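Every number here is computed from the coordinates shown, using simple stated rules; none is lab data. Fair warning: this is a prediction, and the values are worked out from it, not measured in the lab. Here the Cβ positions follow ideal geometry from the backbone for every residue, glycine too, while neighbour counts run over all protein chains shown.
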Ligand SMILES: NC(=O)c1ccc[n+]([C@@H]2O[C@H](COP(=O)([O-])OP(=O)(O)OC[C@H]3O[C@@H](n4cnc5c(N)ncnc54)[C@H](OP(=O)(O)O)[C@@H]3O)[C@@H](O)[C@H]2O)c1
């Protein structure tokens, strides 16, 4: 059996989806080639679980070419950070040449050329690159991760966001559900629709704050952007989130895309995880 390549396999702070996909496939007895960029403790853990390790930078063709050798299926994820389009372009070019048959790629709910954040527009371009490579791309267009709200709260005891009214609606999902759909699509023997919209729960920011048991505090977008740099230390993240929260504030009480989607249940066989379960796993 040829290995399944899982990028982002070490698992970072945004959703840890690659890590969960790798572990799920390994537990199912499937061969996994885990792409990691550091030979650290997380790589050692993956090795202990039975993964083959591919080490390198996803933006570097000399690292991606051997990683995709003899691979038929792959999971592609790259954090909200500089270089996502470089990584997608390298992946698309190499995978086209190596004959990849399916790539499950993480994207965002609002991916569109007119999307409200620059990073969502980049995701749309990345989708086009993967589609045109003819590598069976399936795009997971995911809602806001629960993890995102946890990071926003940090140790402040408040959910301070430039979202306007506490009645502003957010489409949400657990990173773990994105990963579980990803693993399900990778294992599916049947054709899969090329775009999967993923939202597990729709609620207002006021309701979300109450589940975390903290107050929601509306802040001015410029003030938020200025303070966010100290927390996220990444220009692309701050740019993306500033536009994202402003976009949700403008949308207000909902959008046609804001609905719980069937894909989670279809590929996992269970209902979506709730924010309440995420906050208090019991
Ligand atoms: N956060 C949200 O609310 C949200 C919502 C919708 C969609 N998404 C999408 O979710 C995706 C991110 O989720 P995730 O679970 O993958 O994030 P994550 O948990 O932060 O994991 C990212 C992984 O990519 C690795 N990585 C970073 N730069 C790399 C490079 N140049 N070469 C090789 N590996 C690299 C990281 O390694 P290190 O840990 O070693 O740096 C980490 O293991 C993005 O596409 C984002 O747009 C996020």
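Of note:
- Under the simplified labelling scheme, the residue 2-residue 112 pair shows an inter-label distance of 3.6 nm, with each label point 7 Å from Cα along Cα→Cβ.
- Contour excess over end-to-end distance, with Cα ends at residue 57 and residue 96 and 0.36 nm allotted per residue: 12.2 nm
- With a simple spin-label model that places each label point 7 Å from the Cα along the Cα-to-Cβ direction, the separation between residue 155 and residue 85 comes to 3.8 nm.
- Panel order for 75, 232, 216, by other beta carbons found within 10 Å of each beta carbon, from fewest to most: 232, 216, 75.
- Sorting 203, 120, 229 from the fewest to the most surrounding beta carbons within 10 angstrom yields 229, 203, 120.
- For the range 211-282 versus the range 118-166, the inter-centroid distance based on Cα atoms is 8 Å.
- Gain in span if fully extended, residue 165 to residue 250, counting 0.36 nm per residue against the direct Cα distance: 29.6 nm
- In plain terms, the residue of 276, 62 with the fewest other Cβ atoms within 10 Å comes first and the most crowded comes last, giving 62, 276.
- In percent, rounded to a whole number, the relative contact order of the range 57-129 is 33, using alpha-carbon pairs under 8 Å and six or more apart.
- Angle of helix 175-187 to the longest C-alpha principal axis of the chain, folded into 0 to 90 degrees and rounded to 10: 30°.
- Computed from label points 7 Å out along Cα-Cβ, the spacing between residue 131 and residue 72 is 2.6 nm.
- Relative contact order (%) - the range 1-95, alpha-carbon pairs under 8 angstrom, separation at least six: 31
- At full extension, residue 188 and residue 262 could sit 25.0 nm farther apart than now, given 0.36 nm per residue minus the alpha carbon distance.
- Whole-percent pair-distance distribution, where bins are 5 Å wide, for the alpha carbons of the chain: 1, 6, 13, 17, 19, 17, 13, 9, 5, 2, 0
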